Amino acid sequence: MPVSVLQRSGSPALATVLAMAVLTGCAHSPAPEPAPTTGSPSESASAPTATPPPAPGTEAVTVVVPPELAQAPFDEPRQAVVPQGWAMSVWARTPRPRLAAWAPDGTLLVSVPSAGSVLRFLPGRSTAEETVLLDDLEQPHGLAFDGATLYVAESNQVTAYDYADGAATARRVVAGDLPDGRSPDLRGAYAHALKSVTVGPDGAVYFSIGSTGNISAEDRTADPPRATIMRIPPGGGPAAPFATGVRNGTGLATAPDGTIWTAVNGRDNIAFPEPGPDYGKVLDNYVGEHPPEQVARLTPGRELGWPYCNSDGGPADLPFIRDVQTNPDGALLDCAALPPVEQSMGAHSAPLGMSFVDGALPEPYARGALIGIHGSWNRQPPREPEVSFYPWLDGGLGDQQTLVGGFQAGDGSRWGRPVAAVVGPDGAVYITDDSADAIYRLTPNP
């Protein structure tokens, strides 16, 4: 059913961001998942080793930290792995920054769901000046501009503003009554309440609605549906599903050719699907590498399978296989009939912010997608946080490359976790990190 368009004021912001959770559904969901057990049908998830040396074409550099920004974790030297000749510095410190967008006036807007605010950063000589653009919002997350119109994806609604002279005015709700932790039928159980937003070249607005849990199949028939990417037509109107079976499409962006892409946080604790003694068991070794996280081009009616089908293989053109816990006989969704997924990254990478660069960076990073990889929360060894780059090739995305790494030590400990990366008007890449409470400036020509 379409989401109704409302004109109403927002309510006070929630004080905290919902913690990451793995939930199973209730009345109409599959049975709870068994706890993982040890097995060896796939490659072994070995213990963490020493930090590997930088890949060819990259180098480890010390992150430059202005003295006034040198609080933990920058009270000791930190190294990042970047392309050779590039440099990285701490540009701003603020608690738990998430997604970001550059405003037409050359300032960086950053969402802070935990504070219910959108911040505005005015570039300075070495650091940035922070002001509050919007406050008292409901977990604002996604930010997008269409000319001078700013769209903000809150947990319960998508709002639009006129942006001029460093101020956001003329607030209106373009999609309301969206599900979040306060929805009466969910009783506070919502693992993926944060939403993202992008605008197509025709002015259509796209936003994500994540699933309430890991395999909460009832999301697919909810009103409004969850685990979807929704579309508001140009000029406004009711929002309707554009893509379905999208467990948590937090990465959401418009490519240079006008197509819409999403990077998806995929399923946890899937069972081993091959016939044999391990069939249907949840095995650590298998779960650590499956399913790959999806990076998909969206078209009207695109189906990404969750929770009945899982992407498999990769890195590109991934077919779907049935989920033997939720779709054991294949009757709920014909996985083999689904078009392959265009690109992927390692299981449990946790992609968050996604943006595109179109000529603003030097080769070989001039054109492609930037994705903030938050890193795994439940995998051993942990999947490393990084900023990934996917080159734009013949109207699609090539294989994953690491643009910025080095946030995780060989023992699995981390000093930072990137969320989003966006290219600024100065040709530098600005990276938010909600673990180190920082915004970095990555410069190709320091």
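With a simple spin-label model that places each label point 7 Å from the Cα along the Cα-to-Cβ direction, the separation between residue 76 and residue 122 comes to 3.7 nm.
Given the chain reduced to its alpha-carbon atoms as identical point scatterers, what log10 I(q)/I(0) does the Debye formula return at q = 0.13 Å⁻¹? Here log10 of I(q) over I(0) equals -1.18. In order along the range 135-146, the Karplus-derived 3J(HN,Hα) couplings, from 6.51 cos²θ - 1.76 cosθ + 1.60 at θ = phi - 60°, round to 9, 6, 9, 9, 6, x, 9, x, 10, 7, 10, 10 Hz, and Gly and Pro are given as x. Rolling a 1.4 Å probe over the protein heavy atoms of the range 218-281, with every protein chain left in place, gives an accessible area that is 54 percent carbon and sulfur. Accessible area per residue for the range 304-399 is 36 Å², calculated with a 1.4 Å probe on protein heavy atoms, without ligands, DNA or RNA.
Full extension of the chain between residue 377 and residue 336 yields a length gain of 11.7 nm, computed as 0.36 nm times the residue separation minus the alpha carbon distance. Between residue 240 and residue 171, full extension at 0.36 nm per residue minus the direct alpha carbon distance yields a gain of 22.7 nm. Each of 287, 201, 167 was scored by the projection of its Cα onto the charge dipole of the chain, and the greatest displacement toward the positive side belongs to 167; charges sit on the C-beta of Lys, Arg, Asp and Glu. Evaluate Rg over Rh across the range 127-181, taking Cα atoms for both radii and Kirkwood's formula for Rh. Here the Rg-to-Rh quotient is 0.99.
With R₀ fixed at 45 Å, the C-beta to C-beta distance from residue 218 to residue 59 puts the FRET efficiency at about 0.35.
The stretch between residue 259 and residue 132, if pulled fully straight at 0.36 nm per residue, gains 42.5 nm over its current Cα-Cα span. Per residue, how many Å² of accessible area does the range 106-188 show with a 1.4 Å probe? Roughly 36 Å² per residue, with all protein chains present.
The values are calculated or read from the model by the stated rules, or taken from the named source; none is laboratory data. This structure is a prediction, so every number in the text was calculated from the model and none was measured. Ideal geometry is used to build each Cβ from the backbone, glycine not excepted, and the neighbour counts take in all protein chains shown. To get the accessible areas, we keep the full protein, side chains included, count just its heavy atoms, and leave off ligands, DNA and RNA. Shrake-Rupley method; radii C 1.70, N 1.55, O 1.52, S 1.80 Å.
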